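Report on the following structure.
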């Protein structure tokens, strides 16, 4: 399955965050741009490095105009431990069950391996995907690229 195209309406979803609260993409419609960031696993090396880079420069990704939603196929309890250990102040969403359902909608689920690859989708306030990039499981993302894409909205 391929990822939804830039210019198309982003697939909606509702997932549980690390605090057990339901978070839906639709809840940000007409309020905030959203960075939807899929990553393979909590506590893994590249994923931790990427999320720590966002934590350390959070203002462009989490403010009055932008919401950051980081999604993995890990269960909520693992995400809570991960967020607590790394002091993440943004939502980590559990795409645990049905396993990878949201990642599949975004074309980033690896069926043979059971996790999502690194996909980043910037969704504007109207719910349209305005920028995206998909990297392979071992390829770190360029945070500066999606910072620039956000600045262009």
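Miscellaneous remarks
- In the set (1) within 28 Å of residue 30 (Cα to Cα); (2) modelled with pLDDT of 95 or more; (3) surrounded by fewer than 19 Cβ atoms within 10 Å (Cβ to Cβ), the condition left unmet by residue 151 is number (2).
Conditions tested, residue by residue: (1) in contact (Cβ under 8 Å) with a residue 40 or more places away in the chain; (2) surrounded by 13 or more Cβ atoms within 10 Å (Cβ to Cβ); (3) in contact with a helix residue (DSSP H, G or I) (Cβ under 9 Å, 6 or more places away or on another chain); (4) within 16 Å of residue 116 (Cβ to Cβ).
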position	(1), (2), (3), (4)
4	yes, yes, yes, yes
9	yes, no, no, no
15	yes, yes, yes, yes
29	yes, yes, no, no
33	yes, yes, yes, no
48	no, yes, yes, yes
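- Selection over the range 50-71 of residues that are touching a helix residue (DSSP H, G or I) at 6+ places or on another chain (Cβ under 8 Å) and over 19 Å from residue 108 (Cα atoms) gives a count of 9.
- In the range 61-84, the residues that are on the phi < 0 side of the Ramachandran plot and in a helix (DSSP H, G or I) form Cβ pairs under 6 Å with partners that are at pLDDT 95 or above and surrounded by fewer than 22 Cβ atoms within 10 Å (Cβ to Cβ), at six or more places apart or across chains, as follows: 76/16.
- Residue selected from the range 85-110 under the condition closer than 17 Å to residue 58 by Cβ and part of a loop (DSSP other than H, G, I, E, B), by the criterion nearest to the chain's Cα centre (by Cα): 90
The rows are residues; the columns are (1) out of contact with any strand residue (DSSP E or B) (no Cβ under 7 Å at 6 or more places or on another chain); (2) over 18 Å from residue 143 (Cα atoms).
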site	(1), (2)
10	no, yes
34	no, no
40	no, no
53	yes, no
61	no, no
66	no, no
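- Meets criteria (exposed (fewer than 14 other Cβ atoms within 10 Å of the Cβ) and either out of contact with any helix residue (DSSP H, G or I) (no Cβ under 9 Å at 6 or more places or on another chain) or closer than 20 Å to residue 45 by Cβ (or both)) for residue 126: yes
- Odd one out for residue 79 among (1) crowded, with 20+ Cβ neighbours inside 10 Å; (2) closer than 14 Å to residue 37 by Cα: (2)
The values are calculated or read from the model by the stated rules, or taken from the named source; none is laboratory data. Note that the coordinates shown come from a computational prediction; the quantities given were computed from them, not determined experimentally. Every residue, glycine as well, gets a Cβ built from its backbone with ideal geometry; the counts of neighbours run over all protein chains shown.
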